[in-house]
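All of the numbers you see were taken from the coordinates with simple rules; none came from a lab. As the structure is a computational prediction, the values presented were derived from the model and not from experiment. As a convention, Cβ positions derive from the backbone with ideal geometry for all residues, glycine included, and neighbour counts pool all protein chains shown.
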Amino acid sequence: MDLRMTGKQVAVFGAARGIGRAIADGFLAEGARVAGFDRNTEPEPLKEAGDIVSGDVTDCAAVQAFADSFDVVDHMIFSVGAASGKFGFPFWNLDPGDWARVIEINLIGAVNAAHAFAPKLIERPGCSMLFLVSVAGQMGSQTDPAYSATKAGLINFMQCVAKDLAPHGARANGLSPGMVKTELNKSIWAANQAQLPEAERVTYDAWAEKKIAVVSPLGRWQQPEECAAMAVFLASHHAANITGQTINVDGGQVMHA
């Protein structure tokens, strides 16, 4: 399938590792030119035709400067997520103060990115934004209510963005991963284990295997490369009539009747 990505200019937030890195590499493999933005201060360089700058998505001026570094841009990907660092069941295991940083990164960071890139994208019909959301944002996950609520808010914001971009021939969608082996996923395991007596604690692999068996009908990890393949497809002309949608790459974890 020809995705017609050669020479396209792509901005990827969260490009240093995990799903964001896989997405950046996926666009590069299709011939796009990629610039990444990540708070990692020493990111591993991208392949030829790609680069990463260091920055924090909660810093509106830094995000705007990143957008201003593009003469033109075709696609913006926001692949950023932060958890509270605590196991949130019941929700009062978190303090109200634990929410602020999660909201700033997951939701306000996405708003910063959208505001910075929208003026460039509406000048080029066929352009798009993609926001990495989560299955947690669709089901009220009790694992981390702050993370879950911000991703739900991001799904709603994405729909607002999609409606506003549509008259300009541009699109916005959400990509919702399930169980992916990332640092964020490991942090959820660590928070869960920290509240258990030492004798009841299990390894990350044992915890993940049990959770996947419970939540995923396909019974396996989802891979960053699978998310990347969907991200590139959603940016392509083949997805020209797809906007305002949340696409699950989750092994069947979320099913809507």
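Full extension of the segment from residue 214 to residue 166, taken as 0.36 nm per residue of separation minus the current Cα-Cα distance, would add 13.4 nm. Taken over the Cα atoms of the chain, the convex hull encloses 132 Å³ per residue. Listed by Cβ neighbour count within 10 Å, with the fewest neighbours leading, 176, 216 appear as 216, 176. The Rg/Rh ratio of the range 186-257, with both radii computed over alpha carbons and Rh defined as the Kirkwood radius, is 1.12. If you take all other residues with their beta carbon under 10 Å from the beta carbon of residue 14, and give Lys and Arg +1 and Asp and Glu -1, the sum is +2. Compute the angle between helix 183-194 and the longest alpha-carbon principal axis of the chain, please, reported from 0 to 90 degrees and rounded to the nearest 10. Once rounded, the angle reads 20 degrees. Only helices enter the 222 nm calculation for the chain: every DSSP H run of n ≥ 4 contributes -39,500 (n - 2.57), and dividing by all residues gives -12000 deg cm²/dmol, rounded to 500. Simple point charges give the picture: +1 on the Cβ of Lys and Arg, -1 on the Cβ of Asp and Glu, and for the chain a dipole about the Cα centre of about 500 debye. With axes computed from alpha carbons, what is the tilt in degrees of helix 224-235 against the longest principal axis of the chain, rounded to the nearest 10 within 0 to 90? On a 0 to 90 degree scale, this one is about 30. Extension gain, residue 233 to residue 91: 0.36 nm times the residue separation minus the Cα-Cα distance gives 47.4 nm.
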